[in-house]
Amino acid sequence: MFRFHRQSVCLIAILSLSACAAGGRPSAAVPTAWPGEVRAAVRWTARFAVGGQVREVLVAPGGRVIADQVIAVVDPAPYEAALADAADDLGAAERRLAEIGNYMRTDELRAFSPSVTADESMAALRTAVLEAEIVRADAGTRARFATLSRDAAALRAPARGRIARVAVQTGDIVRAGDPAVEVEDDARLEVVASVSCRAVPGLRPGRRAGVSPVGAPGVPLHGLVHRIGPVDRDGRCDVALAVVERAFLPLGSQVFVAFP
């Protein structure tokens, strides 16, 4: 009995020294499971193609959209006015070219008025034609740009999904490239957990993990790490896992993730 007691004391001493090896203090307990959440694996932002005042926002968070559905509208009035101005200039340039074309029929006019076909007159006519052509080309370019801008005033969803966030409201002034809404594909889900990377040895894509829904005791689901985010200043990173089983985990469900 006395010999067994001495061995026990030595074993306790060895364990104490091991715990205090780093800085003389016991190391902090490492969680056996990390909290996570079920999120959409694919998420994108729909951005305005043109600037202006938002006339309508046709979606709300939690709503669903299909591809090519209009989700927000910028007031198209400025682009419609620009299109009308360009159309007027284009029409005037074409009428001017038609008028000049009448004077350019030299075979019919030479006998009536030879002075019209003089070198100076023909040079002036050629200059007038060039100027009208430039005006027509410029007006045509502006008309095409105004048409594209007017059509782009209606922002459409690029694909089907669920509205996760709406960044604007009616009356806001936006610029081209500003975010309008965030859409997520809730048909493709993943589990994301914030993990202390240094506390999980061998953390890498392909690492297996157990996923346990909160409030649902039982055998954990099998997960597989497929993406690891950047490490922040606290040494934590977001780890994304795909659940192997065909289990029903609703979007937004809270889970625990364990790395055996």
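The values are calculated or read from the model by the stated rules, or taken from the named source; none is laboratory data. Everything numeric in this text was worked out from a predicted model, so none of it was measured. FYI the Cβ positions are ideal-geometry reconstructions off the backbone, even for glycines, and counts take in every protein chain you see. Ligands, DNA and RNA are stripped out before the accessible areas are found, and what is left, the full protein with its side chains, is counted by its heavy atoms. Shrake-Rupley method; radii C 1.70, N 1.55, O 1.52, S 1.80 Å.
Calculate the length of the line joining the C-alpha centroid of the stretch 155-214 to that of the stretch 58-75, in whole Å.
18 Å
Once label points are set 7 Å from the Cα along Cα→Cβ at both residue 222 and residue 80, what is their separation, rounded to one decimal in nm?
Rounded to a tenth, the inter-label distance reads 6.0 nm.
Residues of the stretch 221-236 with the amide nitrogen closer than 18 Å to a label point 7 Å from the Cα of residue 197, along Cα-to-Cβ, please.
Only 225-236 pass the distance filter.
Between residue 60 and residue 231, with labels modelled 7 Å along Cα→Cβ, what's the label distance in nm to one decimal, could you check?
The modelled label-to-label distance comes out at 4.5 nm.
Over the stretch 217-260, give the accessible area per residue in Å² for a 1.4 Å probe, as an integer.
67 Å²
Hey, can you grab everything whose amide H is under 5 Å from the amide H of residue 249? Only 5+ residues off in sequence or another chain; H modelled, so Pro and N-termini drop out.
Amide H to amide H, under 5 Å and 5 or more residues apart or across chains, residue 249 pairs with nothing.
Please report the carbon-and-sulfur percent of the accessible area for the stretch 180-226; probe 1.4 Å, protein heavy atoms only, DNA, RNA and ligands left out. List each step's numbers first, then the result.
Details: 1330 of 2370 Å².
Here it works out to 56 percent.
Can you give the FRET efficiency to the nearest 0.05 for residue 73 and residue 246, using r as the Cβ-Cβ distance and R₀ = 51 Å?
0.80
With each pseudo-label sitting 7 Å past Cα toward Cβ, what's the residue 214-residue 98 distance in nm, one decimal?
Using points 7 Å along Cα→Cβ, the separation is 7.4 nm.
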